[in-house]
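Notes to accompany the following structure.
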Amino acid sequence: MARISASVYTSHVPAIGATIDMGKTAEPYWQPLFKGYEFSKQWMKDHTPDVIFLVYNDHATAFSLDMIPTFAIGTAAQYTPADEGWGPRPVPVVQGHPALAAHIAQSVIQQDFDLTIVNKMDVDHGLTVPLSLMCGQPPAWPCPVIPFAVNVVQYPVPSGQRCFNLGKAIAKAVKSFDEDLNVQIWGTGGMSHQLQGPRAGLINKDFDNAFLDQLIADPAAAAAIPHIDFVREAGSEGIELVMWLIARGAMSDVNEGKAAPKVAHRFYHVPASNTAVGHLILENS
Ligand code: DHB
Ligand code: FE
């Protein structure tokens with residue numbers, strides 16, 4: 001039986017990827033940010049899973065206004081890092097896990113969530129920056145990854161409540177996979193940031209830290225935050241935080257009445273580019 005052992009949450013700022021790729025992580029501006037991920041890289045080595053189910057958003061890279069899936073699951077054998085305008089990031093090709101992905105698609109769709117099945121796509125900074133932050137610069141990523149893309153770019157976007165419930169369905173799907181796999185679920189994007197308009201540059205440390213507290217201790221309450229509150233309090237791109245609720249909804253305290261997860265690591269830093277960076281590692285008890 002497959003099982004979810006832990007969830008990881010992290011921002012995905014593209015400038016972080018560029019800084020790693022250009023070897024500038026020790027620069028004074030960036031050094032405090034990367035220091036916050038030193039624990040995480042060691043934790044990842046000590047807790048390498050068999051598969052990562054990586055919830056992220058595509059930034060008009062694989063999808064465009066031509067076609068906007070609310071939830072899209074990658075069922076391919078591999079995914080190429082996208083060219084976002086400066087050439088593809090020099091990071092390994094992402095290996096998929098078609099068998100587990102197809103099983104999750106089957107189970108979650110039968111649990112009444114509409115998923116788009118994607119057999120071919122490139123993956124942008126939303127997916128590759130979290131991998132770089134957690135794994136550094138290996139010649140190959142440490143395990144297969146199932147990309148799960150959520151539309152938080154073009155309205156209407158899914159609510160936090162729906163994302164949380166989807167996480168529960170994903171947990172049930174993983175648990176019913178007939179192979180002994182250790183699976184991590186990652187929720188990425190956020191925290192507060194707004195990239196355009198009169199409020200560009202908005203950061204809300206109070207909201208971000210309250211969200212981290214609530215996500216850890218009372219995820220059902222975090223799931224009840226209306227999408228307009230994310231936008232008002234955390235900026236137009238702060239809505240990316242609904243993706244964290246998918247990962248949190250898949251944890252065993254929510255689904256199996258188990259004890260609250262262990263907070264293995266918590267980190268918050270401002271600024272990184274235009275963004276507040278938040279990061280959590282929660283281990284199932
Ligand atoms: C930035 C942050 C994002 O989440 C993103 O997708 C693009 C840019 C930024 O802070 O620059
Ligand atoms: Fe983003």
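For the chain, what are the DSSP H helices with axial Cα length of 20 Å or more and mean Kyte-Doolittle hydropathy of at least -0.5? Kindly include the intermediate steps, with their values, before the conclusion.
Values: long enough: 160-175 (23 Å, -0.05).
Those that pass (Cα extent of 20 Å or more, hydropathy at least -0.5) are 160-175.
What would the Debye formula give as log10 I(q)/I(0) at q = 0.19, 0.28 Å⁻¹ for the alpha-carbon point model of region 220-285, no solvent?
Each listed q corresponds, in turn, to -0.87, -1.23.
Return the calculated 222 nm mean residue ellipticity for the chain, to the nearest 500 deg cm²/dmol, obtained by summing -39500 (n - 2.57) across DSSP H runs with n ≥ 4 and dividing by the residue count.
Helix-only estimate at 222 nm: -10000 deg cm²/dmol.
Which one, Pro226, Pro271, Pro138, has the greatest fluctuation when you compute a Gaussian network model over the chain with C-alpha springs under 10 angstrom?
Largest GNM mean-square fluctuation: Pro138.
Share of the chain's accessible area from carbon and sulfur, percent, 1.4 Å?
Of all accessible area on the chain, carbon and sulfur atoms account for 53 percent.
Among the lysines, which fall within straight-line cross-link reach of Lys172, defined as a Cα-Cα distance under 16 Å, with same-chain neighbours fewer than 8 residues apart omitted?
Once the sequence-local lysines are set aside, what remains near Lys172 is Lys258.
Cα convex hull of region 1-140: mean projected area in nm², to one decimal?
Quarter of the Cα hull surface area: 9.4 nm².
Quick check for you: with a 1.4 Å probe and neighbouring chains kept, what is the accessible area per residue of the chain, in Å²?
Values: 11660 Å² over 285 residues.
Value for the chain: 41 Å² per residue.
Under a plain spin-label model, where a point goes 7 Å from the Cα along Cα-to-Cβ, how far apart in nm are Asp66 and Ala217?
4.9 nm
Can you tell me the Rg and Dmax of region 138-282, counting just the alpha carbons, in angstroms?
Looking at region 138-282, its Cα Rg and Dmax stand at 15.6, 52 Å.
Please give the peptides 83-90, 94-101, 243-250, 105-112 ranked by average Cβ packing (other Cβ atoms within 10 Å per residue), highest first, as a rough proxy for protection. Can you show the working numbers first?
On the way: 83-90: 12.8, 94-101: 20.1, 243-250: 28.8, 105-112: 15.0.
Ranking the peptides 83-90, 94-101, 243-250, 105-112 by packing returns 243-250, 94-101, 105-112, 83-90.
Relative contact order for the chain: what is it in percent, counting Cα pairs under 8 Å that are at least 6 residues apart?
30 percent
Of Lys205/Lys262; Lys35/Lys120; Lys175/Lys262; Lys41/Lys262, which pairs sit farther than 28 Å apart, going by alpha carbon to alpha carbon? If you can, show how the numbers build up before the last one.
On the way: Lys205/Lys262 23 Å; Lys35/Lys120 35 Å; Lys175/Lys262 20 Å; Lys41/Lys262 18 Å.
Exceeds cut-off: Lys35/Lys120.
Using only the alpha carbons of region 3-283, determine the length spanned along each of the three principal axes and report them from longest to shortest in whole angstroms.
Projected onto the principal axes, the Cα atoms of region 3-283 cover 48, 42, 40 Å.
Roughly how far apart, in whole Å, are the Cα centres of region 9-56 and region 199-233?
One Cα centre to the other: 22 Å.
The values are calculated or read from the model by the stated rules, or taken from the named source; none is laboratory data. Since the model is a prediction, treat every value here as computed from it, not as a measurement. For neighbour counting, all protein chains shown are included, and Cβ atoms are generated from backbone atoms with ideal geometry for every residue, glycine included. We work out accessible area using only protein heavy atoms, side chains counted, and drop any ligands, DNA or RNA first. Shrake-Rupley method; radii C 1.70, N 1.55, O 1.52, S 1.80 Å.
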